[in-house]
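Let me begin by presenting the structure, written as structure tokens, before commenting on it.
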Amino acid sequence: MATIEAHAPAHAHAGPARPTGIRDWISTVDHKKIGILYGATALFFFLVGGIEALLIRIQLAKPENAFLSPDVYNQIFTMHGTTMVFLVGMPIAVAFFNYLVPLQIGARDVAFPRLNALSYWIFLFGALFMNASFLFGAAPNGGWFGYANLSSTQYSPGLNMDFWGLGLQILGVASIMGGVNFITTIINMRAPGMRMMRVPLFSWMALVTSFLMITALPVLAVALFLMTFDRFWGTRFFDVAAGGDPVIWQHLFWMFGHPEVYILILPAFGIVSEIIPTNSRKPLFGYAVMVYSGVLIGIIGWGVWAHHMFATGMGPIADAFFTISTMIIAIPTGVKIFNWLATMWGGKIRFNTAMLYAVGMVATFTIGGISGVMHATSPHNLQQTDTYFVIAHFHYVLVGGLVLAIFGALYHWFPKFTGRFMDERLGKAGFWIYFIGFNMTFMPMHWIGLLGMPRRIFTYGADLNLEGLNQLVTAGAFIQAIGVIMLFTNVILSLKRGQKAGPNPWHAATLEWATESPPREYNFAKIPTVHSREPLWVEAEQIEKDARGEPEPMHMPPNSYWPIFTAVGVTLSCVLFMAPSWWEPLIGIAWTFVGVVNWAYEPT
Amino acid sequence: MSKFRFRRVGGLLTLAALFFVAACEAGGDFPQTTFRPAAELGEKQNAVFYNTTAWTVGIMLLVEVLLLYVIWRYREKPSQPHPEQIHGNTKLEIAWTVIPSIIVVLIAVPTILTIFDTQKPAPDDALRIEVIGHQWWWEFRYPEEGVVAGNEFYVPVNRPVELRLHSADVVHSFWIPKLGGKRDVNPQPAVTGDREPHTNQILFTAHEEGSFTGQCAEFCGESHAIMRMIVHVVSEAEYDAWIEQMRSGTTSSDMLTQLARTPGATAPVGDTTGRAPEVGDSAPPRTQPQVEPAASPQPLPAPAPARQIGAIPAPTGMPPSRPEVPALMVPGAQTDAELGREIFLSKTCVACHAIAGTRAQGALGPVLTRFGTRPWVGAGAARNTQANVEQWIRDPQSLKPGTLMPGAHTPGGGMPPTNLTDEEIRLIATYLRSLK
């Protein structure tokens, strides 16, 4: 219970008092704390994935380098991709969803607070399980795309791909539950007056992303089931000798994999659509079109998967179809870029660090979008695919798009999370170092690819004459690392020493800025009624009074240990498939059952 | 502050432009460049790429310049009033939806025409080559000529060539950038009838003679990076000569006798520096084709089966598929190469490797006919020098981890160690390198 004893003791339920310290963190159902847990975990894995990236770049700094053995290199690049997509990109977005969506739509928590905690714990255990493979010297080594039939026991006999298949299965469960939670929250829990077309763009993109999560991840789950059945029980879905077909895996994987790209980038669009209007002191230009284009991207994003497979050989008609659908998706994306420019046009632009990152994101994402259209030119895609040109493209999209947006979001919302500013001087210096390092790393890769260097190779011949460009790239990677260290330093220093920020230090327009910094547990003392898209620019007085005044009688859910308990069970159910006997997974299933039953009967 | 930023961004763009110019200007120095195709396939692909690039880079520059202008023009100024609150402009938004749509059409139409143009069925006079991907080497089969080659192949200039690609194990991807785009090399699902559901085709006509390198582009396991190959585009006459040599082998009795008479012929030829000849230098020797009735197409050995761990092919269970050409023993003084040949043919080497003109007919590993002309050993694992070939035979895992080739003391691919002595290894290497 969690009622607010000081203010409303009369409404306190009889229940355990809220625990403190570590016990509070492992039993919390508060969306803000879960958001912080998600964020801290994702940032930790960002460092892990970054170190993996540096190892890759050291190996490739010169041709025929023996720094890493091929098997170790293959593990490192597989884990770099898997980590950055599943343990960084998705959870960092979910972290911001968690913290901000209820605040932006005027709710006290997400629709299913315990489910939210369960998502986090399953994610954490899945991530730890996947990385535990390093302790066995058997990290996944088949690429983040795990192509069949290389992933079969015949060609990958070790534990490596077992860790991968089971680990992703666990992580997928967490994402699907998260998606369900956010859809329900955004549709059902908006404050009075907040019609869908008044929902801030970040929350809109959270909604589209959540729909993609609950539709795309089941496809991955199916693919992983086929793969793990092949590996554990000798089914032969991908075994050509038995009439199976490895190309089926490619279709399933990319049918998940391309919506996944939009799962990663739409939150970034949402973030930038909040930072740019705030710092331009102008409303978002073409709000409705920004919403529709985001929805359209989510829908068309389902019809482009086979552009990852032009080289697979699908025939000219399929090639033509996926060429056209892929080119079409450039149009709503382009509209977003033009609308961001128009938002800044005529504005009074404040260049704080967050805005630098947002503008940097627009600049670099544009380059990634452009090279995406080049990929869609499918006859020449056959030259580009599986080379460093592709690596350049999707790092411009995912680092230039997502990571820059996330860093910007960190600077933008840090005062909300902690009540303190991050250091602006260190922030701006860090931005420039990161931005220059980023371009130095990924711009030359376009040429490295078109000059004949394939991806996923632990060594390249000196005869390719690509040593110079690769050294430039490696130097850029280390410059990026300096930028990241500066960012993390800034976060740690500012937690204690940052200048105090009020509730709305940037004079932003959306509801989260009406609350205190950091918001109290119940977010809004009284749920405000909104009458516009920019409530704090139009009707700040009443809304701030509601948000920060005397709390009305309310009920907040108590802490619960059943989410973490159940998460252990779900994880064990998957992990124990690697155990020698058939009955061992039953332990996990029984454990989960105990958790679910107790969960159901727990008073909230 | 903003001027400072402007310079930085401008500097980056200039740097990028410099890269582009440098890369295009120096295209000749990059053996795997896509910018200078040697075949019309690559040219068609580049043409449509340059069309797309011109439009899209144009848009990109427009957006970036606009962005720089906006952030400079509308940066915060002290006395500036609060900006006008504009929520949108329908005409503008329609404009920047419709104009990009038109540009998409201008990009898509040539793209689609090229898709259908480059995937036409092969003409009747096309040279058909079957390309089989293995972990981690390439097999090239010329069904009409009765020739099998490993890791290197020859095609005649100005004649259409149809590559038919499939894999013996996992998914690979065939990529020789100077010819054109890559295609995956897929394992074939067992289906009835003569359908080949995932056999891919690459149809190209090379118009420039030369030797061009390529490599596997789809991650295919531990030593994916060491799965390289070379295509030699040569004149029709050179091509015919090569086919003839590949059929008969080079170690015909004539050649052996010749070798026996030439002292020192077994020393690494033209290779005293320890460096293999550059790829570009490895044009075929211009020997006359041996016109003999015996040179009719030989039956191809059975396709190499998929990698089977644990299966030990018995060397004795592979009878020579045709009468053994020259006698194993050459009486009299034997050169190192001749001794090496005897050892090669009497050991388990022949279980996996074939050399035309001998009884070595193994089909599990790459064909070694004319091995001496190749610049690399192990599909790019190391240069073809005496020391490297010896090292390869002694301990192939040290050069190419995961390879199925057994070493002197290490098993591999279900084969026991070969137990060859250092002297035997030296002689075998000498023999293989003499196969020119």
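Below are the figures for this structure:
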quantity	calculated
Only one of A:T418, A:T377, A:T343 that is buried (at least 24 other Cβ atoms within 10 Å of the Cβ), more than 7 Å from chain B (Cβ to nearest Cβ), more than 24 Å from A:Q480 (Cβ to Cβ) and out of contact with any Cys (no Cβ under 8 Å at 6 or more places or on another chain)	A:T343
Residue match in region A:477-493 (condition: part of a loop (DSSP other than H, G, I, E, B) and surrounded by fewer than 16 Cβ atoms within 10 Å (Cβ to Cβ))	no
Some residue of region A:315-325 being closer than 25 Å to A:V291 by Cβ and more than 9 Å from chain B (Cβ to nearest Cβ)	yes
Count - residues of region B:62-104 that are more than 7 Å from every other protein chain (Cβ to nearest Cβ), surrounded by 13 or more Cβ atoms within 10 Å (Cβ to Cβ) and either modelled with pLDDT under 90 or within 39 Å of the chain's Cα centre (by Cα) (or both)	1
Residue ID - farthest from the chain's Cα centre (by Cα), chosen from residues in region B:175-201 that are more than 9 Å from every other protein chain (Cβ to nearest Cβ) and of a type outside the set (G, A, S)	B:T192
From A:A311, A:A354, A:A392, residue being under 26 Å from A:L466 (Cβ atoms), at pLDDT 95 or above and more than 9 Å from chain B (Cβ to nearest Cβ)	A:A392
One residue from A:G294, A:G346, A:G360, A:G298 being more than 30 Å from B:F116 (Cβ to Cβ) and assigned to a loop (DSSP other than H, G, I, E, B)	A:G346
Residue selected from region B:378-405 under the condition touching a Pro at 6+ places or on another chain (Cβ under 6 Å) and within 21 Å of B:A149 (Cα to Cα), by the criterion nearest to the other protein chains (Cβ to nearest Cβ)	B:T403
Output for region A:224-259, where each listed residue is of a type in the set (A, V, I, L, M) and crowded, with 18+ Cβ neighbours inside 10 Å	A:L224, A:L226, A:M227, A:V240, A:V247, A:L252, A:M255
Single condition B:S211 does not satisfy, out of (1) buried (at least 24 other Cβ atoms within 10 Å of the Cβ); (2) more than 10 Å from every other protein chain (Cβ to nearest Cβ)	(1)
Residue check, A:F237 away from chain B (no Cβ under 14 Å) and more than 19 Å from A:F182 (Cβ to Cβ)	no
Residues that are within 10 Å of another protein chain (Cβ to nearest Cβ) and within 27 Å of B:L399 (Cα to Cα), drawn from region A:469-495	A:L469
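The values are calculated or read from the model by the stated rules, or taken from the named source; none is laboratory data. Given the structure is predicted, the values throughout are model-derived calculations rather than measurements. Using ideal geometry, Cβ is built from the backbone for each residue, glycine included, and neighbour counts are taken over all protein chains shown.
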